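Read the structure below first, then the notes.
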Amino acid sequence: LVFIAAFVFVCEWGDARYWYSNNPRETQARQLNEKSPFGNYALQIPGNQIIRQRIPIEYLKPLRSNTVTLGFWAWASSPIKINAPTIIFSYEGGYVSSPKKSINLGLVPKFYSIQVDVPYNSRNGWLDIANQETDIYFDQIVLADGMWDEGMPQFDDSTSRTGLWRGDEFENLIRNSSFEKSWFNISALAWRKLLARFPY
């Protein structure tokens, strides 16, 4: 009974699987959104939030010294210029981030893509999506080996793991990229009462 009570206090159901926030929030990042280009859900990021997904070493190791493409659909509740999502690579002795790039978001979902060079000594990585002002939204995020600087990916099925980009096959390294899958996450109450002092 104690274990069940503790689990209910610490966790809640319904947020996006594989995605994590850096600080307490009253609303979940995974939200129903009628503008979502894929499925019914999108990632909603309010001001002063960072949402991230870990990229395992087994995904990054084959991509060392390669160029990868990060693509995503994004929009905002009001027009705004933001920093595009960044990838943080860890290596023995430190961290390095992909170069910052500014993008202009409008009220209607639009597809963006940026190219990132993977360091030769990469270990784990994190995809970070940060926001500082108005609410912003993301859907169908894709990370693929190669320089896909034109067109948009076409996925084989609702899992969004494989598809065609400019007629060539690719594999998406981002899990739950359209936020349709839910899972347990840390509740806002547990963050405030127990974990706010331990953000990592």
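The values are calculated or read from the model by the stated rules, or taken from the named source; none is laboratory data. Just so it is clear, the structure is predicted and the values come from calculations on it, not from any experiment. Heads up, the Cβs are rebuilt from the backbone with ideal geometry, glycines too, and the neighbour counts pull from every protein chain shown. When the accessible area is computed, the model is the full protein with side chains, heavy atoms only, and any ligands, DNA or RNA have been set aside. Shrake-Rupley method; radii C 1.70, N 1.55, O 1.52, S 1.80 Å.
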Taking R64 as the residue in question, decide whether it is among the charged types (D, E, K, R), in contact (Cβ under 8 Å) with a residue 12 or more places away in the chain and surrounded by fewer than 18 Cβ atoms within 10 Å (Cβ to Cβ). yes
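What residue, among those in the range 158-171 that are part of a loop (DSSP other than H, G, I, E, B) and open to solvent by 80 Å² or more (accessible area, probe 1.4 Å), is modelled with the lowest pLDDT? Show your work before the answer.
So in the range 158-171, the residues part of a loop (DSSP other than H, G, I, E, B) come out as 158-161, 166-167.
Among the residues that remain, those that are also open to solvent by 80 Å² or more (accessible area, probe 1.4 Å) are: 158, 166.
Working: S158: 82, R166: 90.
Filtering first and then ranking leaves S158.
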For the range 34-45, name all the residues that are open to solvent by 40 Å² or more (accessible area, probe 1.4 Å) and assigned to a loop (DSSP other than H, G, I, E, B). E34, K35, P37, F38, G39, N40
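Name the residues in the range 46-57 that are in a strand (DSSP E or B) and either open to solvent by 40 Å² or more (accessible area, probe 1.4 Å) or of a type in the set (A, V, I, L, M) (or both), would you?
Of everything in the range 46-57, those that are in a strand (DSSP E or B) and either open to solvent by 40 Å² or more (accessible area, probe 1.4 Å) or of a type in the set (A, V, I, L, M) (or both) turn out to be I50, I51, R52, R54, I55.
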If we keep just the residues of the range 99-122 that are among the hydroxyl-bearing types (S, T, Y) and open to solvent by 20 Å² or more (accessible area, probe 1.4 Å), which is farthest from the chain's Cα centre (by Cα)? Y120
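Answer yes or no as to whether S187 is among the polar types (S, T, N, Q), in contact with a strand residue (DSSP E or B) (Cβ under 6 Å, 6 or more places away or on another chain), open to solvent by less than 20 Å² (accessible area, probe 1.4 Å) and closer than 23 Å to Y18 by Cβ.
When the stated conditions are applied, S187 passes them.
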Output for the range 79-98, where each listed residue is out of contact with any Gly (no Cβ under 8 Å at 6 or more places or on another chain) and surrounded by 11 or more Cβ atoms within 10 Å (Cβ to Cβ): I80, I82, N83, A84, P85, T86, Y91, Y95, V96, S97, S98
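Quick one: is I174 at pLDDT 90 or above and not in a loop (DSSP other than H, G, I, E, B)?
no
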Which ones in the range 12-45 are at pLDDT below 90 and of a type in the set (S, T, Y)? Y20, S21, T27
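Yes/no per residue for (1) modelled with pLDDT of 90 or more; (2) touching a strand residue (DSSP E or B) at 6+ places or on another chain (Cβ under 6 Å); (3) of a type in the set (D, E, K, R):
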| site | (1), (2), (3) |
| --- | --- |
| F72 | yes, yes, no |
| P79 | yes, no, no |
| E92 | no, no, yes |
| Y95 | yes, yes, no |
Of the residues in the range 1-18 that are within 22 Å of L43 (Cα to Cα) and among the aromatic types (F, W, Y), the one that is farthest from the chain's Cα centre (by Cα) is W13
Please state which one of G146, G125 is open to solvent by less than 30 Å² (accessible area, probe 1.4 Å), within 16 Å of the chain's Cα centre (by Cα) and not hydroxyl-bearing (S, T, Y). G125
